[in-house]
Amino acid sequence: MKRRAYGLLVLVALVMGTLAVVASIRLGEPLRDPDGFLGPSWLRLPLMVLGAFVVDVVPRSLWRARGAWRTFPDHARTIIREHWTRDRIALVSIGLSSFFITYVSYRNLKNFLPFLAGEPQDAALHQIDQLLTFGHEPAILLHQALGENVTAHVLAFVYVLFLPISPASLIVWLVWSRNISYGYWYATAHCLTWAFGTLSYYLVPSLGPNFAYPWLYVDLDQTSVKALQDALYYGRKDVLYNPFADSIQSVAGFASLHVGIILTLALVTQYCVRHAWIRWTVWSFFALTVLSTLYFGWHYLADDLAGAFIAIVSVWIGGLATGQKFDRRGRSSHPTTSTSRVPVSDRDGRDDQADPADEGATGDQPDRAGSVPLTP
């Protein structure tokens, strides 16, 4: 017996999409595809895939041609045939579509928060912050330790870098993961993190310390983060008090999805990528992301802890759903398949072997340790 590795991924997208539609009908508000700095997601995501396709095919074709330009088309066709298999195209299509539905639903459900969720719980979260820091303000401690000028600009760059990294990391795993099941793993965990994060917004509604206690951050240098916070503040005001505004409400504190998404990326990278420098780079970026969320007052300590918990649960559930076998009490893993078809454990707890015909359907095979590099 076998199941499809994309089953949970599609289910998450369907549930999120249904919830967004129901909320939209209840409030009488239209669903929107929120624009990013690269345009609407329905446009920027396919363009990123097209860019990844070009980056995958063109440089390698040029390298193989070695100046023999007439052979370039033949090499390009060979690379497409080797890497862009039916399984790869299905992974990209299903992963991209599911993420699009999940993310757009997340943004709309976040927009509906002021009308569907309860009162903000910032006072309670702020008390937890002071309890954990023995009566101090975490942000003030960081400002005193790190300064409020140069550090502000460095951490602002780190924080804003999340905006392209979130979709770009998904594209990388869909296009270049050499084991198909790893692509489904990251896509599933990625969408689960957005979904669980949306749930946490409604369970513990909050604004975040910068919006609830803005006087703690007035001495920081003007950065892109400050401009973003101002835009979100006025966008929320428009949604609440201006019935003719076309703004979207994007303020929510608990839990931190900056922490959740980047930790999801770090964990799947730790399990799947064998190059140590890539793993250390992602972990370093995660540490700086956590620091930036507290430094600028985007989140309370409890928000970051909850975001980390969401990421761990999402990666674990996503791994089980896509056929990853966890070893050494979860410290390592290996795939049970290299396609979308995942063997289901039998009654004795043994895993059925993947169909050899399925394993031969793609050239993307795991190495002996089950750790597969992202690069072709």
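The values are calculated or read from the model by the stated rules, or taken from the named source; none is laboratory data. Everything quoted here is computed from the prediction, not taken from an experiment. Here Cβ is always computed from backbone atoms with ideal geometry, including for glycine, and neighbour counts include all displayed protein chains. What goes into the accessible areas is simple: the full protein's heavy atoms, side chains included, and nothing from ligands, DNA or RNA. Shrake-Rupley method; radii C 1.70, N 1.55, O 1.52, S 1.80 Å.
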Report yes if some residue within the range 184-203 is free of Cβ contacts under 8 Å to residues at least 12 places away in the same chain and aromatic (Phe, Trp, Tyr); otherwise report no. no
Over the range 50-75, the set of residues touching a helix residue (DSSP H, G or I) at 6+ places or on another chain (Cβ under 6 Å) and either of a type in the set (A, V, I, L, M, F, W, C) or not in a helix (DSSP H, G or I) (or both) is ALA52, VAL57, ALA65, PHE72
With the condition kept exactly as written, say whether any residue in the range 128-141 is open to solvent by less than 40 Å² (accessible area, probe 1.4 Å), within 30 Å of ALA52 (Cβ to Cβ) and of a type in the set (Val, Ile, Thr). no
So which of LEU232, LEU288 ends up being in a helix (DSSP H, G or I), open to solvent by 60 Å² or more (accessible area, probe 1.4 Å) and within 26 Å of LYS110 (Cα to Cα)? LEU288
So, in the range 140-179, exactly how many residues are of a type in the set (Ser, Thr, Tyr) and under 20 Å from VAL218 (Cβ atoms)? 2
When you go through (1) within 26 Å of the chain's Cα centre (by Cα); (2) among the acidic types (Asp, Glu); (3) modelled with pLDDT under 85 one by one for GLU82, which number turns out not to apply? (1)
When LYS325 is run through (1) farther than 23 Å from ARG178 by Cβ; (2) open to solvent by 10 Å² or more (accessible area, probe 1.4 Å); (3) in contact with a His (Cβ under 9 Å, 6 or more places away or on another chain), the failure sits at (1)
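I'm trying to understand the selection: among the residues of the range 270-281, which are in a helix (DSSP H, G or I) and surrounded by fewer than 21 Cβ atoms within 10 Å (Cβ to Cβ)?
GLN270, ALA276, TRP277, ILE278, ARG279, TRP280, THR281
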Those residues that are more than 28 Å from the chain's Cα centre (by Cα) and open to solvent by less than 30 Å² (accessible area, probe 1.4 Å), I need them from the range 144-163; list them, please. GLY147
Every residue from the range 45-61 that is crowded, with 16+ Cβ neighbours inside 10 Å and either among the aliphatic types (A, V, I, L, M) or modelled with pLDDT under 75 (or both): LEU45, MET48, VAL49, ALA52, VAL57
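Let's see how each residue does on (1) in a helix (DSSP H, G or I); (2) closer than 20 Å to VAL273 by Cβ; (3) modelled with pLDDT of 95 or more:
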residue	(1), (2), (3)
ALA145	yes, no, no
GLU148	no, no, no
LEU170	yes, yes, no
LEU174	yes, yes, no
TRP185	yes, yes, yes
HIS190	yes, yes, yes
TYR202	yes, no, yes
Has the range 101-108 got any residue that is among the small types (Gly, Ala, Ser), modelled with pLDDT of 90 or more and on the phi < 0 side of the Ramachandran plot? yes
Is it true that LEU267 is in contact with a helix residue (DSSP H, G or I) (Cβ under 6 Å, 6 or more places away or on another chain), open to solvent by 20 Å² or more (accessible area, probe 1.4 Å) and either in contact (Cβ under 8 Å) with a residue 12 or more places away in the chain or part of a helix (DSSP H, G or I) (or both)? yes
Looking at (1) under 23 Å from LEU141 (Cβ atoms); (2) hydrophobic (A, V, I, L, M, F, W, C); (3) surrounded by fewer than 23 Cβ atoms within 10 Å (Cβ to Cβ), which one does ALA255 not meet, given that it meets all the others? (3)
